[in-house]
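One structure below.
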């Protein structure tokens, strides 16, 4: 790697497919707003989404190119090259397959010597991952030997999977996501306030899942597991939060009614008060069929809320012994895993309190925002 020019302000240009409400987009935003060793510029291949205005309001230069990811136009590609060349970055950091390919090639042609890719997906499932995405990932595997200096994976599982896919193993390195622990923290006041909003009493069992309506999130798996819990005689409420988690989503609503869950499910749509919401839950459940580094698991744990998750991406690595992990695609296994935690909460309150404390401590010890920023800055050779 060519060392950054210390005689001027170090500049990192980030290239990402879009700036919508996603995990990678949030990680990128936190990194730009809290890294003090470099100036950051963000180029979105599509639009500004949720995070573009946030970045700009905090002094980060943002470009949006309006590309169609499925059919990128050559003119937009040259525009990307011009932006990169005009910014004269010390490092170009790309985020996810499309940006790795398009941004990596544009940066190389613009003469940038220090290019870093970012991978955040642990599997490429037939039927759930787009065919184009899988094709781009395999093309990136070939180009990984000549385009990037390093390839930053969000989890050990992601590194392992992409090494097996043919990516250059010597370039693969792991930097986990990091979280603002002053924002995500236990709060009894937040718990009571959100429950009052939702119409859930303080003593009711409240489960929840934060995640957009998407095949990879596999909400059907969760709904079938909840139906089994009711069949087994258990009472609870479950709040679903995220894009399209509303009564306007007719396929979702029909599934809820079909499984007899109409009285148990709360559809809350997208919310901006996720730290407060996580405090309101007794258990957060992730039913996904694939993930990279599931932010919602770490965010709930940082609030002292134990998690149940399918064994996808980095979920088991994050949770360790603070929650339960089960096989994907098995509603019965998911229901049993939820039941383990609920039984402990009701029957062994001292163990439950200890579990909640350990969940928070695990995130504070391994996944703080400060640690993640330091790892990125070290990878970029910004630290002495």
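The values are calculated or read from the model by the stated rules, or taken from the named source; none is laboratory data. Quick caveat: nothing in here was measured; it's all calculated off a predicted structure. Backbone-built Cβ (ideal geometry, glycine too); neighbour counts: all protein chains shown.
A few comments on the model shown:
- Residue match in segment 211-218 (condition: in the same structural domain as residue 330 (by TED's automatic domain parsing), touching a residue at least 12 places away in the same chain (Cβ under 8 Å) and under 21 Å from residue 190 (Cα atoms)): yes
- Checked against the criteria, residue 334 does not count as assigned to a helix (DSSP H, G or I), more than 23 Å from residue 121 (Cα to Cα) and touching a helix residue (DSSP H, G or I) at 6+ places or on another chain (Cβ under 9 Å).
- Scanning segment 244-274 for residues that are closer than 22 Å to residue 310 by Cα and either touching a helix residue (DSSP H, G or I) at 6+ places or on another chain (Cβ under 7 Å) or surrounded by fewer than 24 Cβ atoms within 10 Å (Cβ to Cβ) (or both) yields a count of 11.
- Residue match in segment 361-369 (condition: surrounded by fewer than 20 Cβ atoms within 10 Å (Cβ to Cβ) and more than 24 Å from residue 159 (Cβ to Cβ)): yes
- Among the criteria (1) out of contact with any helix residue (DSSP H, G or I) (no Cβ under 9 Å at 6 or more places or on another chain); (2) free of Cβ contacts under 8 Å to residues at least 40 places away in the same chain; (3) assigned to a loop (DSSP other than H, G, I, E, B), the one residue 381 does not fulfil is (2).
- Test for residue 325: is it under 20 Å from residue 160 (Cβ atoms), assigned by TED's automatic domain parsing to the domain that holds residue 210, in a helix (DSSP H, G or I) and modelled with pLDDT of 95 or more: no
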